[in-house]
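Undergrad: Sending over a structure as structure tokens; questions will come in a sec.
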Amino acid sequence: MIKYVIDTSAVHRFFQDPGLYPMWRSVIARGEVGIIPLIEFEICYSAQKAGDRVKLIGSLAKLFESLTPGPEVYDAARSMQEALTAKGAHRCCSPVDLVLAATAHVEDLAVLHVDKDYETVARFWPSFKQIRLDTGQPL
């Protein structure tokens with residue numbers, strides 16, 4: 001069962017040295033970490049050629065469970081952006097980060113990240129759950 005949805009920042013950090021985060025390796029191995037297509041797109045943006053992209057997609061598929069946001073996620077993203085804008089914090093989140101945060105909110109998951117933007121979202125959206133890969137513990 002998926003408990004977390006991963007951000008690009010955490011994927012990059014994990015790819016750099018998966019040995020740094022032994023507690024998360026077992027969580028990932030149990031299929032508890034999902035990935036949305038927008039994060040896959042961001043990861044694959046770094047591919048230099050078609051073969052690199054194929055390898056990246058293969059690695060992501062082995063590690064993370066596929067999670068496709070439904071239409072209600074976009075309604076939640078609008079609400080989140082509205083709340084952030086009211087506090088002057090709407091520029092803390094890129095559109096991709098906003099959709100990921102809304103996916104986590106709608107699906108009752110925690111965003112796994114290494115990105116201060118999600119900490120900002122959590123300050124203004126109290127029910128939003130987020131955990132830093134580099135300092136947090138699995139739920």
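Undergrad: How much net charge surrounds residue 11 when only other residues with a Cβ under 10 Å from its Cβ are counted (Lys, Arg +1; Asp, Glu -1)? Intermediate results must be reported in sequence, preceding the final value.
TA: Numbers: positive: 13; negative: 7, 40, 42.
Surrounding charge for residue 11 is -2.
Undergrad: Once every Cα of segment 4-132 carries one equal point scatterer and solvent is ignored, give the base-10 log of I(q)/I(0) from the Debye formula at q = 0.20 Å⁻¹, two decimals.
TA: These q points yield log10 I(q)/I(0) values of -1.14.
Undergrad: Between residue 15 and residue 94, what is 0.36 nm times their sequence separation minus the Cα-Cα distance? Round to one decimal in nm. Before the final figure, lay out each step's value.
TA: Numbers: separation 79, 0.36 × 79 = 28.44 nm, distance 2.21 nm.
Roughly 26.2 nm would be gained on extension.
Undergrad: Right, something else. Can you tell me the FRET efficiency between residue 26 and residue 87 if r is taken as the Cβ-Cβ distance and R0 is 30 Å, rounded to the nearest 0.05? The partial results should precede the final answer.
TA: On the way: r = 37 Å, r/R0 = 1.24.
Efficiency, from the Cβ-Cβ distance: 0.20.
Undergrad: Residue separation times 0.36 nm, minus the C-alpha to C-alpha distance between residue 47 and residue 134: what's the value?
TA: Working: separation 87, 0.36 × 87 = 31.32 nm, distance 2.48 nm.
Additional length available on full extension: 28.8 nm.
Each reported figure results from applying straightforward, stated rules to the coordinates on display, with no laboratory input. Nothing here was measured: the structure is a model prediction, and the numbers come from that model. Positions of Cβ are generated from backbone atoms using ideal geometry, with glycine treated the same way; all protein chains shown enter the neighbour counts.
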